[in-house]
């Protein structure tokens, strides 16, 4: 991935990361917003959830956030101590592709105290340990996959069959990075980055806070064209997203700090 952001601002260091959370780290991330039909968005949700109101897309449409991440993960001292007892290393570096469906809620308002949520239909990763931990402790629908990320072409394949899930082609901006807060479109989408994450698995519904450190970060706008070949978590066929400079439902590169809170049970 291109990393022009690093040229313009102080790099993220481990000392600046909040170590009080169970997991934390940094990402070189590409954020891609696309618009899908409300019917398709609803089809990604478990039966107890429905789409919540939002102002980013017109009636009949709903936003979907695709995150192409080059991720570094660390854990707090307590989890690190536990991992070492089992000869595991929780300092990981891996690729991940996340489909994020913002602005969802429970059909039963009794469970909407923290709503609206951001539901994660799938996360493709190339680290089996990150897949295992996410599934066991946070109920994330993580799937092991193969990534090709050299140059402007980005491919994701099934880990075993090598079946092609997704291809994307990035066109980076020739302009230098800019402060995100200097772009009104970036400011408009920051509420999406702050929604609590909601997941569903064998033990029920749980929520957590995936904190994205977007404040005072530099971003690099870019364009993307992609094709969903076989993934059931995206509309079939081609999709594209223009630069966030020209469209609030646009795309940008941002290096950021992140942390993930402990899981909170909502409904069984």
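The values are calculated or read from the model by the stated rules, or taken from the named source; none is laboratory data. On a predicted model such as this, the values are computed, not experimentally measured, just so you know. Every residue, glycine among them, receives a Cβ derived from its backbone with ideal geometry; neighbour counts consider all protein chains shown.
Taken over segment 58-67, the residue count meeting the criterion of being loosely packed, with under 15 Cβ neighbours inside 10 Å and closer than 18 Å to residue 239 by Cβ is 2. Are any of the residues in segment 107-117 more than 27 Å from residue 249 (Cβ to Cβ) and in contact (Cβ under 8 Å) with a residue 12 or more places away in the chain? Yes, there is a match, as at least one residue in segment 107-117 is more than 27 Å from residue 249 (Cβ to Cβ) and in contact (Cβ under 8 Å) with a residue 12 or more places away in the chain. Only one of the listed residues (187, 199) is surrounded by 21 or more Cβ atoms within 10 Å (Cβ to Cβ), within 30 Å of residue 112 (Cα to Cα), at pLDDT 95 or above and in contact with a helix residue (DSSP H, G or I) (Cβ under 7 Å, 6 or more places away or on another chain). That residue is 199.
When segment 216-245 is filtered for residues that are in contact with a helix residue (DSSP H, G or I) (Cβ under 8 Å, 6 or more places away or on another chain) and either closer than 20 Å to residue 156 by Cα or surrounded by fewer than 14 Cβ atoms within 10 Å (Cβ to Cβ) (or both), the ones remaining, listed by number, are 216, 235. Do we find a residue being farther than 21 Å from residue 245 by Cβ, at pLDDT 60 or above and part of a loop (DSSP other than H, G, I, E, B) anywhere in segment 1-13? Scanning segment 1-13, I find no residue that is farther than 21 Å from residue 245 by Cβ, at pLDDT 60 or above and part of a loop (DSSP other than H, G, I, E, B), so the answer is no. Here 70, 55 are screened, and the one residue that is out of contact with any helix residue (DSSP H, G or I) (no Cβ under 8 Å at 6 or more places or on another chain), surrounded by fewer than 17 Cβ atoms within 10 Å (Cβ to Cβ) and modelled with pLDDT of 95 or more is 55. Of everything listed in (1) surrounded by 17 or more Cβ atoms within 10 Å (Cβ to Cβ); (2) in a helix (DSSP H, G or I); (3) in contact (Cβ under 8 Å) with a residue 40 or more places away in the chain, the single unmet condition for residue 129 is (1). Count of segment 150-162 residues, restricted to those that are at pLDDT below 95 and farther than 16 Å from residue 32 by Cα, is 6.
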